[in-house]
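Notes to accompany the following structure.
Just so you know, all these numbers are worked out from the coordinates, no wet-lab data involved. From a predicted model like this one, the values you see are computed outputs, not experimental measurements. Note that we place each Cβ from the backbone using ideal geometry, even for glycine, and neighbour counts take in every protein chain shown.
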Amino acid sequence: MAASTPTLAAPRSPRRARRPNTELYSWVFMRASGALLLILIFVHLFTNLVSGGGVSAIDFGFVAGKWAKPVWQVWDLLILWLAMIHGANGLRTIINDYATRTGTRLTLMGLLAVAFAVVVVLGTLVIFTFSPCPPGAPADLLPSFCTAG
Amino acid sequence: MTATATSPDTSAAEVPTFDVTLRIRRFDPDAKAPVPYWQEFTVTAHGTDRVLDAMHKVKWELDGSLTFRRSCAHGVCGSDAMRINGVNRLACKTLLKDLAPHKPIVIEPIKGLTVVKDLVVDMDPFFASFREVMPFLITSGNTPSRERLQSPEQRARFDDTTKCILCAACTTSCPVFWTDGQYFGPAAIVNAHRFIFDSRDEGATQRLEVLNDSEGVWRCRTTFNCTDACPRGIEVTKAIAEVKRAMITRAI
C-alpha cells in the first residue's frame with residue numbers, strides 16, 4: 001500500500017482577493033500633505049501679511065505682482081490642490097463614518113465631488129489665466145511693471 | 001484600660017458603610033412593550049466594595065431579574081465590561097468609593113452592540129471580528145520537536161497586547177464602532193498585533209492583508225478612547241499605530 005499523504009487545500013486560503021492599498025495611500029497622503037500645507041500656508045501668510053508693507057500693502061497690484069512670478073503661481077497652485085484634496089479626503093472619511101444609508105452617502109459624496117471639481121478647476125484657471133495688467137484700468141491700481149497705455 | 005494605653009490597638013477598624021444608589025439601564029425583551037428604561041436601586045455597601053458587589057446585592061436581595069454577565073469577578077475573565085458613569089469599565093475592578101458614591105452611579109450596557117437583556121449584549125459581531133484576524137499561531141514546515149525559542153527582547157515586542165482579556169471595553173468605547181458596526185474594532189487589531197509582532201509567527205502578511213481594509217486599521221481616528229477604556233492598561237492606540245506602520249513599510 002502506497003503511503004502517500006493526501007494533499008489538502010490550506011485551511012487558511014484567503015477568502016478575499018488581495019485588497020487594494022487605496023485606504024493606505026489616502027492615510028499617508030493626509031499626513032504628508034498636512035505637513036507640507038503647514039509650511040506652504042505659513043510662508044503664504046508671512047509674505048502676504050507680515051513682510052514688506054504688511055497687511056495694509058495688500059491690493060490688486062500686490063496680488064497681480066505675485067502671480068506674475070512663476071514661483072508664486074506654483075506655490076498657490078500647490079496650496080490649492082493639496083488643501084482641496086486634503087479637505088475633500090477628510091470629508092470623504094467623515095461621510096463614510098457617519099452616513100450609514102447608501103442614498104445619503106451617495107448624495108453627500110456627489111455634492112462633495114462637484115464642490116471639489118468647481119473650486120479646483122476655477123482656482124487653477126484663475127492662477128494661470130490671470131491678467132495682471134487689464135487694459136483700460138487706472139495705472140495707480142496696477143503693479144509697477146505694467147506699462148499702462 | 002491600662003493595656004490599651006501601653007500597647008497600640010492592632011484590631012482592624014470597622015470598614016465604613018454607606019448607602020449607594022445604582023441607576024441601571026434596563027431592557028426586558030419579554031415584556032409586553034420591550035422598551036429600555038432606567039431603574040434606581042439603593043443598597044448599603046462597604047467602603048471597600050466594588051460596583052459588582054453592589055450589583056450582586058441588588059440581584060440577590062432586591063430584584064433577581066436584573067441580568068448581567070460576570071464569571072471570575074476579579075478582572076481576569078472580561079465578562080462584566082459595562083458603561084459606568086459614561087466610561088467603559090469592568091464592574092469588578094471599579095471601587096464604589098472612586099465614583100463619588102453620594103451621587104447615583106449610572107450603569108449602562110456597553111455601546112454599539114445589540115442589547116439582549118439589561119446589561120447583556122450580543123457579543124457575536126465582536127468575536128466575529130476577533131476570529132477574522134486569525135488569533136492563533138500560523139507557521140509553515142514541520143512542527144519542531146522542541147519549543148519554539150524566543151529571546152526576551154522578541155517576547156517584549158508584543159508583550160503589551162498579550163494582556164487582552166476580550167472584554168470589549170475598547171471596541172465599544174470607539175466612536176467609529178458606534179456608527180459603523182463593520183469596523184474591526186480595537187480589540188481585533190490588538191489581537192492581530194499580538195501575532196503580527198511575534199517572531200515565531202509566520203502569518204503576519206495574511207493578517208495585515210485582512211486589516212488593510214477600509215473597515216480595518218484605516219478606520220481608526222486615534223481618539224484614544226480605547227486606550228482610556230482598557231481595564232488591562234494596554235496601549236491600544238499605540239498598537240493600532242504600529243500595525244498601520246507595518247502596513248506602510250510593507251507597501252512602500
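Data overview
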{"item": "As computed over the protein assembly as shown, the Cα convex hull volume per residue (Å³)", "result": "355"}
{"item": "Least to most buried among B:Leu99, A:Leu45 (fewest other Cβ within 10 Å first)", "result": "A:Leu45, B:Leu99"}
{"item": "Efficiency of FRET between B:Asn85 and B:Lys163 - r from beta-carbon atoms, R0 25 angstrom, step 0.05", "result": "0.55"}
{"item": "P(r) histogram, all alpha-carbon pairs of chain B included - 10 Å bins from 0, percent", "result": "7, 26, 27, 19, 12, 6, 2, 0, 0"}
{"item": "Span per principal axis, largest first, for the Cα atoms of the range A:32-121 (Å)", "result": "52, 24, 23"}
{"item": "Solitary cysteines of the protein assembly as shown, where the nearest other Cys Cβ is not under 4.7 Å", "result": "B:Cys92, B:Cys164, B:Cys167, B:Cys174, B:Cys220, B:Cys230"}
{"item": "Kyte-Doolittle mean at least 1.6 and Cα axial length at least 27 Å: DSSP H helices in chain A", "result": "A:102-129"}
{"item": "Per-residue Cβ neighbour rank within 10 angstrom, fewest leading, A:Cys146, B:Cys72", "result": "B:Cys72, A:Cys146"}
{"item": "Rounded FRET efficiency, nearest 0.05, which uses the C-beta distance separating B:Thr143 from B:Thr17 and R0 of 56 Å", "result": "0.45"}
{"item": "Average silhouette area of the range B:162-252, convex hull of alpha-carbon atoms, in square nanometres", "result": "5.5"}
{"item": "Residues of the range B:49-91 with amide N under 11 Å of a point placed 7 Å along Cα→Cβ from B:Asp98", "result": "B:50-51, B:89-91"}
{"item": "Computed label-point distance, nm, for sites B:Glu40 and B:Phe127 using a 7 Å Cα→Cβ extension", "result": "3.7"}
{"item": "Two-site FRET efficiency, A:Thr147 against A:Ile39, from Cβ-Cβ distance with R₀ of 60 Å, rounded to 0.05", "result": "0.95"}
{"item": "A:Leu77-A:Val50 pseudo-label distance in nm [points 7 Å out on the Cα-to-Cβ vector]", "result": "2.7"}
{"item": "Whole-number percent relative contact order across the range B:25-72, with pairs defined as alpha carbons under 8 Å at least 6 apart", "result": "23"}
{"item": "For chain B: relative contact order, % (alpha-carbon pairs under 8 angstrom, 6 or more apart)", "result": "17"}
{"item": "Exposure proxy order (Cβ contacts within 10 Å, fewest to most) of B:Tyr183, A:Tyr25, B:Tyr37", "result": "B:Tyr37, A:Tyr25, B:Tyr183"}
{"item": "Per-residue average of Cβ from other chains inside 10 Å of A:24-30", "result": "4"}
{"item": "Helix B:186-196 vs. chain B, principal-axis angle (Cα, 0 to 90°, nearest 10)", "result": "50"}
{"item": "DSSP-loop trypsin sites (Lys or Arg not before Pro) across the range A:73-149, with at most 15 other Cβ within 10 angstrom", "result": "A:Arg101"}
{"item": "Full-extension gain in nm, A:Ala115 to A:Thr129, via 0.36 nm per residue minus C-alpha separation", "result": "2.9 nm"}
{"item": "10 Å Cβ neighbours from other chains, averaged over peptide B:198-211", "result": "1"}
{"item": "Nitroxide proxy distance, nm - points 7 Å out along Cα→Cβ at B:Asp63 and A:Met30", "result": "4.2"}
